[in-house]
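The values are calculated or read from the model by the stated rules, or taken from the named source; none is laboratory data. For clarity, every value in this text was computed on a predicted model and none was experimentally measured. Positions of Cβ are generated from backbone atoms using ideal geometry, with glycine treated the same way; all protein chains shown enter the neighbour counts. Protein only, heavy atoms only, side chains kept; ligands, DNA and RNA dropped before computing areas. Shrake-Rupley method; radii C 1.70, N 1.55, O 1.52, S 1.80 Å.
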Amino acid sequence: MSELDRQVIGARADELLPGLAAQGVEVVAMTFVDNSGVVRTKAVPLRRLAAAAASGIGASNSFDFFGFDDSICTGKYSSGPVGDLRLHLDLERLTVLAAQPGWAWAPADRRDQDGAVHPMDQRSLAKEAVRQLAERGLTAKLAFEVEWVVTAENAPDELAGRGPAYGYARLSRHSDYLRAIVSALDNQGVAVEQIHPEYAAGQFELSVGAEDPVGAADTSVLVRETIRVVSGMHGLRASFTPQFSVGGVGNGGHVHLSVWDGERNLFGGGDGQFGMTATAETFSAGILDRLPALLAVGAPSVVSYLRLEPHRWAGAFAVWGLENREAAVRLIAGTSPNLEVKCFDHTANPYLVVAALLFAGMAGETALPDPIDVDPGSLSDDERHGLGIRRLPATLADAVSAFEADIVLHDCFGAPLATTLMDVRKAEIQRFAGSTPDQITAAYRWAH
Ligand code: GLU
Ligand code: MG
């Protein structure tokens, strides 16, 4: 970042100050997401906005080695407590928070003290993937769907809101709460598309409109943190964990994705399968091929694999299909055709998910296999074998091995981040050696 860049950013911050002050903003929080998917933060008083955007705020390098439980692992690239980075808040995404009076929020990029992008910065990696896609003359639109469960604040072990799955009774029981979420997000410029009670007691789902990939990852952070705050205001506690309790219903973090050439969505209007263009097919094949490795990014926790089981609409098999909710990759046709990657969850860092999906799609070179239009889990082993259906990794350790064997993803992520990411995963696997599923679900319940 040059001196001129800093001056331009500083001037832009100064321009924004009066408007923010008029809206009552006193403090600005900036967030980044660590390799364990935890949203970490620092905040500054409003008068420090220009400094936070142009010169950044100090943050330890050790955040790259943080576990979901705040343990800090050692890895090949760790420098322990030594060294410092700068969090640069992104003024373009600065948002006045509707449910936290006096506060605004912005995502941050991490740079070194000279202003160069930190090689392990996840948001910058997502930007790099978008840049590489643009080099091919393409753009992508993404949206993260969020599923979550709530408990009463004073009874955190019990899911709140009994009643039938997708039942109106569950919506009406929580109508103030759900309205407050939609209203807060609307005031924050987030395009809510849908909200509804999900399958399980206490479970809800919210979807938003597709946007540019980095913007979609930013929105995913903002949506979940807004839901968390509004839940607290309604005497509820929100959990985005993939598996709240053993045997219960899981929370997915499905990603919707389409690739565009200018104004043209390449997932429709083509002469390939179900109207896909050749580019969309190859892109999808790239994602499908690499799903085992991608799971180390998109389903990155030990608890992720308690959710990722057959017959739970989580997508436990490496197949794709038109509107097949048991396929890890579901093609959605219709007016806004897109690919839904179902096997991911919200313990993932959304910026790494964006980067990984785009890199995998761009690396696609094979043709898409035949679509699957049955529940792969209901077939016999022989039938699955005959159709070439693979089960996705059933443990985080298997996903880590797949990622480590994937030279393309390793190169795209760069050795420091690819290695550190897996160091964090391995420390997490070790932490749970010998743990029961009950202990695992309990440990993650309130981390994300
Ligand atoms: N709750 C399911 C999951 O764990 C998804 C249900 C749905 O298809 O919306 O991914
Ligand atoms: Mg759902």
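Kindly indicate whether residue 39 is open to solvent by 10 Å² or more (accessible area, probe 1.4 Å), among the β-branched types (Val, Ile, Thr) and under 29 Å from residue 446 (Cα atoms).
Yes.
Anything in segment 141-181 that is without any contact (Cβ under 8 Å) to a residue 24 or more places away in the chain and under 14 Å from residue 222 (Cβ atoms)? List them, or say none.
The answer is none; no residue qualifies.
Pick from segment 207-222 the residues that are part of a helix (DSSP H, G or I) and either small (Gly, Ala, Ser) or within 16 Å of ligand 1 (Cβ to nearest atom) (or both): which of them is farthest from residue 341 (Cα to Cα)?
Per the criteria, the residue is 215.
Among the residues of segment 266-287, what is the count of those that are touching a Pro at 6+ places or on another chain (Cβ under 7 Å), open to solvent by 10 Å² or more (accessible area, probe 1.4 Å) and part of a loop (DSSP other than H, G, I, E, B)?
Going through segment 266-287 one residue at a time, the tally reaches 1.
Tell me which strands (runs of 3 or more DSSP E) are completely within segment 314-378 and hold 1 or more residues being away from ligand 2 (no atom under 16 Å from the Cβ) and either at positive phi or open to solvent by 10 Å² or more (accessible area, probe 1.4 Å) (or both), or say none if there are none.
Those strands (runs of 3 or more DSSP E) span 317-322.
Could you tell me whether segment 263-279 includes any residue that is closer than 30 Å to residue 397 by Cα and either modelled with pLDDT of 95 or more or among the hydrophobic types (A, V, I, L, M, F, W, C) (or both)?
Checking segment 263-279: not a single residue is closer than 30 Å to residue 397 by Cα and either modelled with pLDDT of 95 or more or among the hydrophobic types (A, V, I, L, M, F, W, C) (or both).
Out of (1) farther than 30 Å from residue 345 by Cβ; (2) surrounded by fewer than 18 Cβ atoms within 10 Å (Cβ to Cβ), the odd one out for residue 25 is which?
Of everything listed in (1) farther than 30 Å from residue 345 by Cβ; (2) surrounded by fewer than 18 Cβ atoms within 10 Å (Cβ to Cβ), residue 25 misses just condition (2).
Any residue in segment 260-267 that is over 26 Å from residue 427 (Cα atoms) and within 20 Å of the chain's Cα centre (by Cα)?
Looking through segment 260-267, none of the residues is over 26 Å from residue 427 (Cα atoms) and within 20 Å of the chain's Cα centre (by Cα).
Hey, can you tell me all the residues within segment 187-196 that are within 19 Å of residue 221 (Cβ to Cβ), modelled with pLDDT of 95 or more and within 20 Å of the chain's Cα centre (by Cα)? Talk me through it step by step, then tell me what you get.
Filtering segment 187-196 for residues within 19 Å of residue 221 (Cβ to Cβ) gives 187-193, 195.
Retained after the next criterion (residues that are modelled with pLDDT of 95 or more): 187-190, 192-193, 195.
Matches in segment 187-196: 188, 189, 190, 192, 193, 195.
Suppose we filter segment 166-184 for residues that are surrounded by 15 or more Cβ atoms within 10 Å (Cβ to Cβ) and farther than 14 Å from residue 205 by Cα; how many remain?
Of the residues in that region, 3 qualify.
If you take the residues in segment 220-265 that are away from ligand 2 (no atom under 16 Å from the Cβ) and among the β-branched types (Val, Ile, Thr), which one is most open to solvent (accessible area, probe 1.4 Å)?
Selected residue: 246.
Regarding residue 68, is this residue outside any strand (DSSP E or B) and either under 23 Å from the mean Cα position of the chain (by Cα) or β-branched (Val, Ile, Thr) (or both)?
Yes, satisfied.
Does at least one position in segment 119-130 carry a residue that is touching a Leu at 6+ places or on another chain (Cβ under 8 Å), open to solvent by 50 Å² or more (accessible area, probe 1.4 Å) and within 20 Å of residue 220 (Cα to Cα)?
For segment 119-130, residues touching a Leu at 6+ places or on another chain (Cβ under 8 Å), open to solvent by 50 Å² or more (accessible area, probe 1.4 Å) and within 20 Å of residue 220 (Cα to Cα): absent.
Given the conditions (1) part of a helix (DSSP H, G or I); (2) away from ligand 1 (no atom under 16 Å from the Cβ); (3) touching a residue at least 24 places away in the same chain (Cβ under 8 Å), and given that residue 228 satisfies all but one, which numbered condition is not satisfied?
(3)
Against the definition (open to solvent by less than 10 Å² (accessible area, probe 1.4 Å), closer than 24 Å to residue 35 by Cα and touching a His at 6+ places or on another chain (Cβ under 8 Å)), how does residue 133 come out, yes or no?
Taking the combined requirement at face value, the residue does not satisfy it.
Do the conditions hold for residue 163, that is, is it over 30 Å from residue 247 (Cβ atoms), away from ligand 1 (no atom under 16 Å from the Cβ) and either open to solvent by 10 Å² or more (accessible area, probe 1.4 Å) or among the basic types (Lys, Arg) (or both)?
No.
Scan segment 45-62 and give yes if some residue there is in a strand (DSSP E or B), touching a residue at least 24 places away in the same chain (Cβ under 8 Å), of a type in the set (A, V, I, L, M, F, W, C) and open to solvent by 30 Å² or more (accessible area, probe 1.4 Å), otherwise no.
Within segment 45-62, not a single residue is in a strand (DSSP E or B), touching a residue at least 24 places away in the same chain (Cβ under 8 Å), of a type in the set (A, V, I, L, M, F, W, C) and open to solvent by 30 Å² or more (accessible area, probe 1.4 Å).
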